[in-house]
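Student: Please find one structure pasted underneath; my questions will follow.
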Amino acid sequence: MIFAIIAERTKVQFLMRSAISSSKKRPAVVLATLHGDDFICSQITSEARFDDYSILLKISDFKRGGLKQSCMIRPNKIFTADKSIILYKVGTLQESKLKEIKKIILDILAS
């Protein structure tokens, strides 16, 4: 099972997803909802990452719900996920965190 965060216009929602029921839980931020059944996602890890791209995700970064511990969003680790592997919502991020994520992604694409 894998966690995902979905960005829909001005909201970011956390969802759990699973391609294989026995798989390990992994976090991700969903950056966009595409036409059809796909989402563009970015990895989240509980491992401390201190590179040029990683963004700290604290429990206080949530408007509602959230994760049990602080994590690192990895906007340089992007992938596409089908909606069939999304199970349920676990929270919503603050708008300021969403803006921070978008800025780093735009900086990566502009370089």
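The values are calculated or read from the model by the stated rules, or taken from the named source; none is laboratory data. On a predicted model such as this, the values are computed, not experimentally measured, just so you know. We place every Cβ from the backbone using ideal geometry, glycine too, and count neighbours over all the protein chains shown.
Student: Which numbered condition in (1) at pLDDT below 50; (2) small (Gly, Ala, Ser); (3) at positive phi is the only one that residue 36 fails?
Tutor: The one condition residue 36 does not meet is (1).
Student: Given the options 89, 63, 68, name the one that is modelled with pLDDT under 80, over 11 Å from the mean Cα position of the chain (by Cα) and outside any helix (DSSP H, G or I). Steps first, answer last, please.
Tutor: On the way: 63 fails: modelled with pLDDT under 80; 68 fails: modelled with pLDDT under 80.
Answer to the check: 89.
Student: Only one of (1) within 14 Å of residue 27 (Cα to Cα); (2) out of contact with any Asp or Glu (no Cβ under 7 Å at 6 or more places or on another chain) fails for residue 55. Which number is that?
Tutor: The single condition residue 55 does not satisfy is (2).
Student: Could you tell me whether the stretch 15-33 includes any residue that is surrounded by fewer than 17 Cβ atoms within 10 Å (Cβ to Cβ), under 22 Å from residue 106 (Cβ atoms) and at pLDDT 75 or above?
Tutor: Yes, there is a match, as at least one residue in the stretch 15-33 is surrounded by fewer than 17 Cβ atoms within 10 Å (Cβ to Cβ), under 22 Å from residue 106 (Cβ atoms) and at pLDDT 75 or above.
Student: Also, I was wondering about something else. Which residues, counting only those in the stretch 50-76, are of a type outside the set (Phe, Trp, Tyr), on the phi < 0 side of the Ramachandran plot and buried (at least 16 other Cβ atoms within 10 Å of the Cβ)? Steps first, please.
Tutor: In the first step, residues of the stretch 50-76 are kept if they are of a type outside the set (Phe, Trp, Tyr); the result is 51-52, 54-61, 63-76.
Remaining after also requiring on the phi < 0 side of the Ramachandran plot: 51-52, 54-61, 63-64, 67-76.
Once the filter is applied, which keeps residues that are of a type outside the set (Phe, Trp, Tyr), on the phi < 0 side of the Ramachandran plot and buried (at least 16 other Cβ atoms within 10 Å of the Cβ), the stretch 50-76 yields 54, 55, 57, 61, 67, 71, 72, 73, 74, 75.
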